[in-house]
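Heads up, the thing below is written out as structure tokens.
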Amino acid sequence: MFCTNCGKDVDDNAKFCDHCGHPLQGTAAPAAPPVTTAAPPMLEYRIKGDIMQTVEIDIPQGHRVFSETGGMIWMDDVIEMETSIQKGAQGKGVLGNILDAASRAIQGESLFLNYFIAKNAPGTCSFASSFPGKILPFQLKPGESIIAQRGSFLVGQEQVDLKIEWRGVGVAIFGGEGLVLQRLTGPGLIFLEIDGELTERELAPGQKLILDTGHIACFESSVQYNIQLQKGFKNLFLGGEGLFLANLTGPGKVWLQHMTMQKLAGRIMPFIPKKD
């Protein structure tokens, strides 16, 4: 049982508390209830379009979602927008959120995030991808994470933790994605914007997949990510696939994008008129 004066755990047959000497009178103080965090509500949403997709999210009263700056295209007039650093994700406190924001800024991400709040009434907010491709939803459980390429996060519930994922010096220098991977941790609903079409693969434990680094859209946190040098002299210098390839090892799911902005830009550049 527990002492009614100091709350310490004492023997059930004790008449006085061993810690403070208070008479127990045979009455035990109830144990403090565990601290729990309310689960975020399940959100209704609709993904529209084929090439340039949008997602419309119904936000319940008193709740909010957040996005990188510039993602919103329209919202009901009951929705209020607030620009801020990340707020209270995973109970890290103000300092932890400031450090995460600074880390994103160092890696070229936005220092600030936009919050969309249904303060006095439920409302709908719409977000658009910035590039032809797909919007990919994930309903993350508490502690569940998705690792995604830089800039792919579109919008998510406020309980989701967004931060830079560090993958080592070698990966940072040669991996293409490198230090600009993002880790998104639940609980909550998130949406990623992916370049071009998608292929989904599920890797068995120990199964490896070799691919061009730029085509990694996202993968589950159980998947191991590394890089390897292209094999063979001719492959290395004449193959056109770059010096390094990505190595993904299961178990877990991976999502591969068929197109990258860099390759598309390279195809378009020769046709852009140049000034004399």
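The values are calculated or read from the model by the stated rules, or taken from the named source; none is laboratory data. Source: prediction; values computed, not measured. No Cβ is skipped: glycine too gets one built from the backbone with ideal geometry, and neighbour counts run over all protein chains shown.
When you scan segment 211-255, how many residues do you find that are at pLDDT 90 or above and part of a loop (DSSP other than H, G, I, E, B)? Adding up the residues that qualify gives 5. Each residue in segment 20-51 was checked for being assigned to a loop (DSSP other than H, G, I, E, B), within 18 Å of Leu192 (Cβ to Cβ), modelled with pLDDT of 90 or more and among the hydrophobic types (A, V, I, L, M, F, W, C), and 1 pass.
Beta carbons closer than 7 Å, at least 6 apart along the sequence or on distinct chains, pair a first residue in segment 193-207 that is closer than 14 Å to Cys218 by Cβ with a second that is surrounded by 16 or more Cβ atoms within 10 Å (Cβ to Cβ) and of a type in the set (D, E, K, R) for Ile194/Lys134; Leu198/Lys134.
Might you let me know whether segment 189-203 holds any residue that is within 10 Å of the chain's Cα centre (by Cα) and modelled with pLDDT under 85? Quick ask: steps written out before the conclusion?
Our first condition is that a residue be within 10 Å of the chain's Cα centre (by Cα); within segment 189-203, this holds for 189-192.
Of the ones still in play, those that are also modelled with pLDDT under 85 are none.
No, because not a single residue in segment 189-203 is within 10 Å of the chain's Cα centre (by Cα) and modelled with pLDDT under 85.
Residue count for segment 128-165 under the criterion of being among the aliphatic types (A, V, I, L, M), farther than 19 Å from Thr69 by Cα and touching a residue at least 60 places away in the same chain (Cβ under 8 Å): the result is 2.
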